[in-house]
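First the structure, in the form of structure tokens, and then the observations on it.
The values are calculated or read from the model by the stated rules, or taken from the named source; none is laboratory data. What you see is a predicted model, and the numbers here were worked out from it, not measured in a lab. Here the Cβ positions follow ideal geometry from the backbone for every residue, glycine too, while neighbour counts run over all protein chains shown.
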Amino acid sequence: MEQSNPAKDKIFYIATSNLLNFALPNRSYYANMQPYTDHQYQKKLTGLYELLKNAKSDIYAFQEVWDEKALQDLAMKLGFEPSQVLAPVASNDPSSALTAGRGAQDTPALGIISKHKVLEWQLLTDFPDLAVIDIPDVGLYKRFNRPPLVATIEVYGQPITVITAHLKSKRPHYLRDEQGNRLEDYDDPLLRVRAKLRSLCMRAAEAAALRLFMIDILHNTRHPLILLGDMNDVTDSVTTQLLAETSEVIYDKAMRDVALFDAARVQTSYGWMRDVAYTHLYQGMPEVIDQLFVSEEFLVDGKFSLGEVERVDYFNDHLKHDYEDRHSDHGIVRAKIKLK
């Protein structure tokens with residue numbers, strides 16, 4: 001009889017993917033977008049499955065989910081049960097206090113599917129006071145536009161907090177009236193600067209609010225945490241480092257307690273892969289804006305290490321296709337993690 005391998009038994013894969021407006025057919029999601037027909041929905045569902053099946057993950061974090069039922073359809077194709085899908089802001093259950101069964105409204109939501117048991121979950125909605133800022137010409141920014149989804153997942157008996165987030169994009173934020181009509185000239189290069197400033201401020205506030213929440217989990221604890229999702233900026237950007245504060249560790253080792261580490265940079269094998277990776281093409285330029293961060297408990301040489309990131313892989317070949325042939329406009333980031 002083949003002997004079991006305890007180390008192998010404690011390996012799990014976790015991945016993140018932006019699903020590019022994944023909604024049920026025949027339902028309106030954005031006012032300026034045509035609903036999917038039944039044929040288009042089946043084509044997108046199959047296309048997403050073909051992309052994700054190669055990642056072969058135990059836990060997936062998703063962005064741009066409009067309908068939980070759609071995510072359940074995808075999950076079942078990937079070998080999960082509908083009960084293993086969590087997307088509360090996209091719920092199609094008529095009894096949902098969040099959606100009344102209508103799915104996500106105005107903006108897409110976040111979702112998680114997991115083969116490991118979800119012990120508890122919550123949504124982050126309001127900012128702590130320390131993160132509230134005044135956006136130029138808009139006013140106080142006090143709430144997440146897309147509430148991050150926080151789940152405590154039991155992996156081989158170890159509770160791990162998994163947070164998926166989708167921060168404000170770099171797309172200029174122009175002013176509109178209550179009916180959604182434009183109030184600014186999109187072709188004015190001076191106003192474009194102002195609109196991009198608003199977007200940057202919004203993303204920074206969201207990063208700060210999420211950071212403050214994570215510090216409460218990490219400070220003076222040995223609780224492992226994984227943050228992953230579409231952060232809409234590169235790893236070393238000001239807003240992403242506001243989330244992670246990895247650079248602070250260079251000057252203050254005590255910061256390890258609350259810092260987060262780019263999984264690609266702390267992986268124990270194939271470290272060269274981070275130099276050729278990209279997850280998105282922004283104005284034709286490749287960049288990594290889909291991030292996967294881990295707390296110090298996943299550092300192989302950490303004083304309080306509970307495991308290690310063995311490998312990080314990027315699935316991005318589909319980004320070379322023409323835009324209309326892409327079922328997602330983001331690459332997939334996957335980490336192989338081994339618990340001790």
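Structure summary
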quantity: Lone unmet requirement of (1) of a type outside the set (Val, Ile, Thr); (2) touching a helix residue (DSSP H, G or I) at 6+ places or on another chain (Cβ under 7 Å); (3) surrounded by fewer than 21 Cβ atoms within 10 Å (Cβ to Cβ) for ALA104; calculated: (3)
quantity: Check on ALA87, over 25 Å from TYR29 (Cα atoms) and not hydroxyl-bearing (Ser, Thr, Tyr); calculated: no
quantity: Residue, surrounded by the fewest Cβ atoms within 10 Å (Cβ to Cβ), within the stretch 108-132, restricted to residues that are within 21 Å of ALA208 (Cα to Cα) and without any contact (Cβ under 8 Å) to a residue 60 or more places away in the chain; calculated: ASP129
quantity: Exclusive hit being modelled with pLDDT of 95 or more, of a type in the set (Lys, Arg) and out of contact with any Gly (no Cβ under 6 Å at 6 or more places or on another chain), set LYS142, LYS170; calculated: LYS142
quantity: Conditions (1) at pLDDT 85 or above; (2) outside any loop (DSSP other than H, G, I, E, B): number failed by VAL249; calculated: (1)
quantity: Inter-residue pairs, beta-carbon under 7 Å, first at positive phi and in the stretch 212-228, second surrounded by 14 or more Cβ atoms within 10 Å (Cβ to Cβ), 6+ apart; calculated: ASN220/ASP257
quantity: Any hit, the stretch 51-62, residues being within 20 Å of PRO35 (Cα to Cα) and either at pLDDT below 95 or within 16 Å of the chain's Cα centre (by Cα) (or both); calculated: no
quantity: Within the stretch 56-80, tally of residues that are outside any helix (DSSP H, G or I) and within 25 Å of ASP313 (Cα to Cα); calculated: 13
